[in-house]
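Taking it in order: structure first as structure tokens, then the write-up.
The values are calculated or read from the model by the stated rules, or taken from the named source; none is laboratory data. Note that the structure is predicted; figures quoted are calculated from it, not measured. Neighbour counts run over all protein chains shown; Cβ positions are idealised from the backbone, glycine included.
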Amino acid sequence: MQLLLAIPLVARLGIVFLVAACAASLANATIYQFAWHLRLRSPWQRRHDDVARRTWPDYLPILGWLRLRRESKVHGTAHWVRPLLVELLFALGMAWLYWWETVALGLIAEQLAVVPGGVNTTVLVGPAHLQFLAHAILAWFMLIATFIDADDQIIPDIVTVPGTLIGLIFVTFFPLALLPQITMPAIAPQVGVHLIDRAGNATQFYLEPVHLAASSDWPAALVAAPNLESLAIGLACYWLWCFAFVRRRWITRRGMGRAVRYFLARIARDWWSTPLREVTAIGTLAVLGVWWWGGPAWVGLLTGLVGLVGSGGIVWLVRIFAGAALGKEAMGFGDVLLMMMVGTFIGWQAGVIVFFLAPFAALVYGLIQLIARRENVLPYGPFLCAATLFVIARWDMVWLKVEPLFQLPWLVPAVLLICMVLIGAILTVWRVLKDLIWPLPEAE
């Protein structure tokens, strides 16, 4: 880490910018490759039959798109504008995020103010870089999901499945990459950095990840082997994620008994198919291994698994309630899998906050779109991603305001239950008003 800090900040920011621009260039290729209708626009894809052979400057991030303007007759007049802006803005955003998280320590700056005598920030540099790397990886996957969803109202599994697995692996090996908090525990935490003041004296404060039990200490019920309770929680979370990929059609026209048999038979057949069978088996063995190993790795993995279920499960329930209220599918299952991926990186507490923030922007945009363009199809993934980025960037402020709420175990489930009921009621009213005032044709 000292070697890294020896590099001037301007040079580090330049390196982050260049790496992020290259990553965004690959993201553009992925967006076009896995769109509902294949678009051969990126130089990193197979070349379109009607365009000339490309040369090495065409592959340069950002600048290459200025050269690819020559392909406008094939792809459209302004085809190069969006991918150029995506690469430029993503690179600028990652450079800013690097400065914000590792130099300004923006995720914990206000929390550090509670430590008497100030803090020697040297010990915080390593965890801050891990957090930035985790958030940069998550932002890359969300970038792809955002534009595919905006273009085609789908979020492919090829985006969320690798992102979820990478998130689980990352927080297992580097649990301090989870969102941070400053605590004063009674005993030394399983995962944490002991803070020292500017005079070099040890304080009572620790930098801890926001684990699944925050804002309380890690309970004995969640420790690793030989505690079977924590293993059951971890495996249940992982198996629920695997269950999300099986077909779950419920057909009752031939009676409840046959409906149950067909339902279970279809699940068993899908679960035993490749590659879900291998993903389930390998993942189960990995969870068992980390549970047996214990220590910080188990704290990170279990937090990621519960974050997966906690974040994605909320959207899953909303999907069920909204579908019942509207009489049709109101939200794609890709949004559920997207939030499962997000939850592995940021935990269930931040996932709950994202769930409450995303609808505000979506509602405003949806009303504008309904009035101005008379369209009632709204991709929700971009708003989930935008809310996630806001929560990450403003985590210090957000956690200081909401941490007391998580000290009341009954409050969060009660609020969520009330919100589910309200969502159902609001969407029912929305459907009636829309049919009366704006009888729009349904999207194909």
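Quick notes
- Among all residues of region 19-42, there is at least one that is out of contact with any Gly (no Cβ under 6 Å at 6 or more places or on another chain), charged (D, E, K, R), without any contact (Cβ under 8 Å) to a residue 40 or more places away in the chain and over 30 Å from Asn120 (Cα atoms).
- Tally of residues being more than 20 Å from Gly307 (Cα to Cα) and either among the hydroxyl-bearing types (Ser, Thr, Tyr) or in a loop (DSSP other than H, G, I, E, B) (or both) across region 190-203: 6
- Scanning region 287-315 for residues that are surrounded by fewer than 17 Cβ atoms within 10 Å (Cβ to Cβ) and not aromatic (Phe, Trp, Tyr) yields Leu288, Gly289, Gly294, Gly295.
- Within region 65-79, one or more residues are assigned to a helix (DSSP H, G or I), surrounded by 15 or more Cβ atoms within 10 Å (Cβ to Cβ) and within 31 Å of the chain's Cα centre (by Cα).
- Residue within region 164-173 that is surrounded by fewer than 16 Cβ atoms within 10 Å (Cβ to Cβ) and modelled with pLDDT under 95 present: no
- Enumeration of residues in region 119-138 that are buried (at least 23 other Cβ atoms within 10 Å of the Cβ) and within 11 Å of the chain's Cα centre (by Cα): Ala134, His135, Leu138
- Taking the numbered list (1) among the charged types (D, E, K, R); (2) touching a Pro at 6+ places or on another chain (Cβ under 6 Å); (3) not in a helix (DSSP H, G or I) in turn, Arg41 passes all entries but (2).
- Close pairs from region 398-409: first surrounded by 14 or more Cβ atoms within 10 Å (Cβ to Cβ) and assigned to a helix (DSSP H, G or I), partner of a type in the set (A, V, I, L, M) and modelled with pLDDT of 90 or more, Cβ under 8 Å, at least 6 apart: Val398/Ala350; Val398/Ile353; Val398/Val391; Trp399/Leu179; Trp399/Val210; Val402/Ile353
- Taking region 82-178 and the helices (runs of 4 or more DSSP H) fully enclosed by it, the elements with 2 or more residues that are within 30 Å of Met331 (Cβ to Cβ) and not acidic (Asp, Glu) are at 125-152, 157-173.
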